[in-house]
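Any read-out appearing in this document is the output of simple, stated calculations on the displayed coordinates, not a laboratory observation. Computed from a predicted model, the values in this text were never measured in an experiment. Methodologically, a virtual Cβ is constructed for each residue, glycine included, from the backbone with ideal geometry; neighbour enumeration extends over all protein chains shown.
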Amino acid sequence: MNQTTDWSYRSEVRSADRQAVHAILESTGFFHPEEVTVAVELVKERLQRGLSSGYHFEFAELGGQTAGYTCYGPIACTRASYDLFWIGVHQEHRRSGLGRRLLARAEEHIRRLGGQRLYVETSSRAQYGPTRAFYLACGYHLEAELADFYAPGDGKTIFVKVL
C-alpha cells in the first residue's frame, strides 16, 4: 500500500462501526473470537452512552471503507493516565503506516484532554513480536511483563509513553 494514500479520519462513532471493527480485527488473525466480541461491545457501549462511556475512538477510512481504528480512554482513579484498549488495521492495509498515524492521532487527542501517559498492553506470544516492536518504534518503553497472564505461556507486556 502506498504511504501517500489519502486517508480520511473521524472520531464520530457510527452504528456500522460494530461490523467494521469486527472485520478489521478478524482480518488480522491475531485475536480470539471472544476478544473481537469485547472490542465490538466497546463500540456498542459508546453508541449507547456517548462520551460518558469513557471510550474514545479514531477511525481511518479509504474510499468510504473503514480500514483501521483505535479505542482509548482514561484509566479510572488516575489523574492523567490513559489506556489504549484497541488498535487495529485491516490486513489489506498493514505496513502502510496507518497504525502509526492512528496512534499519533489518539496521542494528540489524549494530550488535548490533559492526558500525560498512555499505557498499552499486549501479549508476549511470539506472534505479537511485531506488535511489541511497533510500540517500541513509536516511542513506548516496556514498563512491565506479567508471565502467564492470559494463559500458560502467554504473558502480558505493558508499554507506556509519556505524552
Query - Radius 14 Å from Cβ of residue 37, net charge of other residues (Lys, Arg +1; Asp, Glu -1) - result: -3
**Report entry** Gyration tensor (alpha-carbon) shape descriptor, segment 12-162, a/c threshold 1.5
**Finding:** rounded
Query raised in the report: Given H placed on each backbone N at 1.01 Å, which residues far from residue 154 in sequence or on other chains put an amide H within less than 5 Å of it?
Result: 148, 149
Report task. List, in order, the whole-Hz ³J(HN,Hα) value for each residue of segment 152-161 obtained from phi through the Karplus relation with A = 6.51, B = -1.76, C = 1.60 and θ = phi - 60°; use x for Gly and Pro. Result -> x, x, 10, x, 9, 10, 10, 10, 9, 9
Requested in this report: For the chain, give the magnitude of the charge dipole about the Cα centre (Cβ charges: +1 Lys/Arg, -1 Asp/Glu; no others), in debye to the nearest 20.
Outcome: 480 debye
Query raised in the report: For the chain, modelled as a Gaussian network with Cα springs under 10 Å, which listed residue fluctuates most, 27, 52, 11?
Result: 52
**Report entry** Residues whose placed amide H lies under 5 Å from that of residue 68, excluding near-sequence neighbours
**Finding:** 60, 90
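To the nearest 0.05, what FRET efficiency results for residue 126 and residue 158 with a Förster distance of 25 Å applied to their C-beta separation? Show your work: numbers first, answer last.
Values: r = 18 Å, r/R0 = 0.72.
E(calc), rounded to 0.05, equals 0.90.
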Report summary line: By Cβ neighbour count within 10 Å, fewest first, 138, 77, 71 rank 77, 138, 71
Query raised in the report: Sequence-distant or interchain residues sharing an amide H contact under 5 Å with residue 85, placed H: which?
Result: 71, 72, 73
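Among the DSSP beta bridges whose two residues both lie in the chain, what percent are antiparallel, rounded to the nearest 5?
That works out to approximately 90 percent antiparallel.
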Report summary line: Under the helix-only model (-39500 (n - 2.57) for each DSSP H run of 4 or more, divided by the residues of the chain), the mean residue ellipticity at 222 nm, to 500 deg cm²/dmol, is -10500 deg cm²/dmol
Query raised in the report: Comparing 80, 147, 106, which has the greatest mean-square fluctuation in the GNM of the chain with Cα pairs linked when under 10 Å apart?
Result: 147
Query raised in the report: Taking θ as phi - 60°, what are the ³J(HN,Hα) couplings along segment 89-100 by the Karplus curve (6.51, -1.76, 1.60), each to the nearest whole Hz, with x for Gly and Pro?
Result: 10, 4, 3, 4, 10, 5, 6, 9, x, 5, x, 4
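Using a simple charge model, +1 on the beta-carbon of Lys and Arg, -1 on the beta-carbon of Asp and Glu, nothing else, what dipole does segment 110-162 show about its Cα centre, in debye to the nearest 20? Before the final figure, lay out the partial values.
Values: 7 positive and 5 negative charges, 76 e Å.
Its charge dipole is roughly 360 debye.
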Query - the chain: most fluctuating residue of 42, 113, 84 per GNM, C-alpha cutoff 10 Å - result: 113
Requested in this report: Compute the distance in nm between two label points, each set 7 Å from the Cα along the Cα-to-Cβ direction, one at residue 44 and one at residue 22.
Outcome: 1.0 nm
Query raised in the report: With the contact rule set at Cα under 8 Å and sequence spacing of 6 or more, what percent relative contact order holds for the chain?
Result: 18 percent
Query raised in the report: How much length is gained on full extension from residue 10 to residue 143, taking 0.36 nm per residue of separation minus their Cα-Cα distance?
Result: 44.8 nm
